[in-house]
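Input: a single structure, listed below in structure tokens.
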Amino acid sequence: MHSHRALSVPEILDEVFLFFAHDVFDGASPSDCAGGLSHTASANVRTSTLLHAACVCRAFHKPAIRVLWRDLHGVYAIFALLPSLVEMKLPEDVVRNLSIAPIVGVPRIYVLPPYIAAHEWDQLQEYASHVQSLVYDGYDMKPMRVIAPHSWWSLQAAIQGRCLLPNLCRLQWRVVLDQPRAITSFLGPSLQVLLITCDYTAKQPWHESRKWWAKALDTFCKIVFERALPLRKINVDLEDLSPTPVMAHLPQMETLREFSLSSEGPLELPHVRKLAQMPSLEILQLPCFVDGDLGLNRLLGPSFSPFPRLRQLTLSRHTPEQRGLFPCPTLQVFSVETHYRDVYSLRDCFGEWAQSFPTLRDFNFSIVTTGMIWSRHVVPPLLWVASPLLSITTLQHVSIRGTFPTDDAAVAAFAEAWPSLTHLSIVPHIDVFGLDGSVGLPGLLALRDKCAQLAVLRLPRVVIDAVPGEDALPPAADHPLQLLAARCAALDEAARALLQFVFPRLRTLE
């Protein structure tokens, strides 16, 4: 029996098997798949389909295997292809000293010999060439598997500076304290996306391991960035660790388009200057930084234009010293989290943001605070705080998370200033009764008449006391609003029917 001619085209088979593998590797590794394990029933079915397809015939085998090995979660599946890999029973005191032991308990320890024979690489190289994405958490799940630290040295000696996965494009790596050099075997010229997290909680107590972590992180960053890889995206999550080792070794990269740094430690302004000089950077996420009085423009010089292609900027733990440090006329998306206790200074920040980002399209503002006592006598209305943003006529998506009194005047002013608005969200960050104000029918009508593309609307409070007849309202337009949500809505059946008349496409009213 002859198969259909379409099945002899490799590109067609690749598309078929990619469809089956749509979410197979969402947390599952090939070793898990072989054992019938997966995080969802759907992934299990899809994985089984690929495994069965690989066993049907020779025409299906290679395309199915390529898809099955495209994304790996864990490194055990690769190491298991080496016949010399053995499971070793280590003494309990040695296991307890492994940095990963406090998290995973007693894992299975796998060891490679100091010398790996050349003939063992044949099968490994065939499968390794299919891997395009790797997630390494310092150990493999189901069951807990850990590669012994000295086995990484054996692997590096065997491959002699080459990349173990020659077609690897995306690498998500958790830095483990006793394995800072393990990543060396996976750094190749095809790598474009690098996601780094630090498992600093593995060694307890934290204050005793701080000096060891500083040394390990410095070694790790030096190994990664001295390769001059053509990276397009770097994401670094340091938690409580200092960002200094990362920024000290980060080179000037012509190819870097996205950089994200999460850290509780402050970022020095010279480090921001290094990022500002990268010509292709388009997406940037940074924690707080210090030395704000100097100013980025003054540090770079009047003739230099920082962040020439930046489109998206996210600042966490914003402070007053960071105001005016990112003048960028190309910015379209700006997200900021602040711990301000003085709400009056926010208006000055809003004014400087409006001047720095004149073509802003998305604005996301959030107050993150605890233990603050608010009073309706000291909190200014939202319209007064956000009035500087009214000069940005290009805004389409506005999200403000903060407890400011919001009324019809504020909503009407926003509708007048932002005619292209598609999403407006005003949500209190704390619940204080009577402090958030209320929006009534005049404000909603202003949005309907001025914002012809508004599809999502979230307000702190919607109150419609008197319901006028439909004859007293302007003619109903085919407005696209589909979601209207309020944390507190005083709406009876008549008010709900009125809103349905004002917004005919309204599907969700919360």
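Annotations for the structure displayed:
- Computed FRET value (nearest 0.05) for Gln192 with Val86, which takes r as the C-beta separation and R₀ as 45 Å: 0.85
- Val368 versus Gln125: modelled label distance in nm, points set 7 Å from Cα along the beta carbon direction: 4.8 nm
- One decimal place: the segment Glu416-Asp465 gains 15.2 nm when fully extended, by the rule 0.36 nm per residue minus the C-alpha distance.
- Compactness of the range 224-267 as Cα Rg over 2.2 N^0.38 Å, two decimals: 1.15
- For the range 271-277, backbone phi angles converted through the Karplus equation (6.51, -1.76, 1.60; θ = phi - 60°) give residue-by-residue couplings of 5, 5, 4, 4, 5, 5, 8 Hz, Gly and Pro being listed as x.
- Annotation: for a label point projected 7 angstrom from Cα along Cα→Cβ of Asp240, residues of the range 266-286 with backbone N closer than 16 Å are 266.
- Distance in nm between pseudo-label sites at Ser262 and Ser133 (7 Å out along the Cβ direction from Cα): 1.8 nm
- 5 angstrom amide H check on His73, placed H, neighbours 5+ away: Ser29, Val135
- Remark: spin-label model distance Ser280-Arg487 equals 4.3 nm, labels positioned 7 Å along the Cα→Cβ axis.
None of the figures in this text is laboratory data; all of them are computed from the coordinates on show. Keep in mind that what you see is a predicted model, and the values were worked out from it rather than measured. In this analysis, Cβ positions are derived from the backbone assuming ideal geometry, glycine residues included, and neighbour counts consider all displayed protein chains.
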